[in-house]
Amino acid sequence: MAELDWYLQINMKARHLRLLVTIDTYRNLSQVAEVTHVTVPAVSKSLAELERGLGLTLFARTAQGLMPTPYGECLIRHARAMLGTLQQARDELKALSSGTEGKVNIGMLRAASALLPQALHVLKQRSPGTNVTVVEGSTAQLLPQLWQGHLDLVVGRLPPPDTLRNFEEKELLDEPVGLVTGRHHPLARRKTLEWSDLHPYPWVLPPPGSTLRDALERVLEAHDVPLTNNYIETLSIHVARTHLQVSDCLAVMAYSLANDTAQPLHTLPLSLPRLLRPAGVLWNRNRGLTPSAKLTVSCLEEVAEHLQAIVGTTWHGTPSSSKEKRRPSRQP
């Protein structure tokens, strides 16, 4: 073990970390050689030297390619985290050297509320030199990037708690979700509705397996509303909102999105239970927040307080979950 300690502390280089991650990504020496612009023998030699220096077998040679051993899986996991930290340091140093005030990389969960766009407006007013990159995606796409350090924050509807053991979360905005249509829709002229009135109409739905889709299906089943075979599945708010304006589709949407001033929708007077967790922000608990990320969280909190006041306590006269007892969140 003394040799292992020596190699990790003295001889392990960033190029070794990149080699491990690249091999794990492609599992094929020829592809690794192609993307790293070296020869196959050179890749093989570098891996052999690394395994010899550590005294451990990191990859098993199989018919399916190079498969990481338990030792390899452990080191690859830490290599990804260390490369993420180095990338974060590089971004901060480049920002400082170019005269900007910082850089923050944000993942935005699809079907999120208006929280992040408004918070970015506040951020740029408060700190014009703080630059931002926003990547949109699903929980399955963004959480690995957050863990690896490619993202500083993820903003949107908070995922189920059992998926977040590696992350800190902060609840920000507890807004209701309602049934919505375009303003021209036949049901938009009705002041009162029964659930059976929804039967003839097509839907814009979240994809199967998503948190909102599962919750919506349970509600519709409880009210004997079958989903028709006429629907569109998307997590894109832009697609959903645009299609609602030109069709007789129904959809579910958060209050702030349904009441967008540029393209407002009509909210049907049917009460839904709480279908989703609040909107919030996530970060990697093993990696401290940069000053730019902390400033972004502060702007998110400011906008969330404002939006929560607008949402108020009712959705068409139905008590909102904003008055429910909320679990305290940890501060960044």
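The values are calculated or read from the model by the stated rules, or taken from the named source; none is laboratory data. Please read these numbers as outputs of a predicted model, since none were measured by experiment. Neighbour counts run over all protein chains shown; Cβ positions are idealised from the backbone, glycine included. Please note that ligands, DNA and RNA were not included when accessible areas were found on the heavy atoms of the full protein model with its side chains. Shrake-Rupley method; radii C 1.70, N 1.55, O 1.52, S 1.80 Å.
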Q. Summing -39500 (n - 2.57) over the DSSP H runs of n ≥ 4 in the chain and dividing by its residue number, what mean residue ellipticity at 222 nm do you reach, to the nearest 500 deg cm²/dmol?
A. -13000 deg cm²/dmol
Q.
Quick check: net charge around VAL32, other residues with Cβ under 11 Å of its Cβ, Lys/Arg +1 and Asp/Glu -1?
A. 0
Q | Proximal lysine pairs, the chain, alpha carbons under 24 Å, eight or more residues apart or interchain | A | 13
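What do the square roots of 5 times the Cα gyration tensor eigenvalues come to for region 200-276, in whole Å, largest first, as semi-axes of the equivalent ellipsoid? Write out the running numbers ahead of the final one.
Values: eigenvalues 72, 41, 33 Å².
Listed largest to smallest, the semi-axes of region 200-276 are 19, 14, 13 Å.
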(Q) Can you give me the angle between helix 14-26 and the longest principal axis of the chain, using Cα atoms only, in degrees from 0 to 90, rounded to the nearest 10? (A) 60 degrees
Q: Would you mind getting the accessible area per residue of the chain, heavy atoms of the protein chains only, 1.4 Å probe, in Å²?
A: 52 Å²
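Hey, what D do you get for region 1-89 in µm²/s if you plug the Kirkwood alpha-carbon radius into Stokes-Einstein at 25 °C and 0.890 mPa s? Please list the in-between numbers first.
Working: Rh = 13.3 Å.
It diffuses with D of about 184 µm²/s by this estimate.
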Q | Listed residue (SER236, HIS16, LEU307) projecting farthest to the positive dipole end of the chain, Cβ model | A | HIS16
Q.
Let me check I have the definition right: for the chain, take the eigenvalues of the Cα gyration tensor, multiply each by 5, take square roots. What are those semi-axes in whole Å, largest first?
A. 46, 24, 17
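From the gyration tensor of the Cα coordinates in region 1-158, what semi-axes in whole Å does the equivalent ellipsoid have, largest first, with each one equal to sqrt(5λ)? It would help to have the intermediate numbers written out before the result.
On the way: eigenvalues 265, 70, 40 Å².
Gyration-tensor ellipsoid for region 1-158: 36, 19, 14 Å.
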Q: Order the following by accessible area, largest value first: HIS199, HIS185. Probe radius 1.4 Å; ligands, DNA and RNA are ignored.
A: HIS199, HIS185
Q) Given 10 Å bins starting at zero, what is the percent of C-alpha pairs of region 123-214 in each, up to the one with the largest pair distance? A) 11, 31, 27, 20, 11, 0
Q) What does the accessible area of ILE10 come to, in Å² to the nearest 10, when a probe of 1.4 Å is used? A) 100 Å²
Q. Mind ordering 178-184, 246-252 by average Cβ neighbours within 10 Å, highest first?
A. 178-184, 246-252
Q | Under the Debye formula (equal points on every Cα, no solvent term), log10 I(q)/I(0) of region 179-228 at q = 0.31 Å⁻¹ | A | -1.31
Q) What nm distance separates the two modelled labels at ARG61 and THR192, each placed 7 Å from Cα along Cα→Cβ? A) 7.9 nm
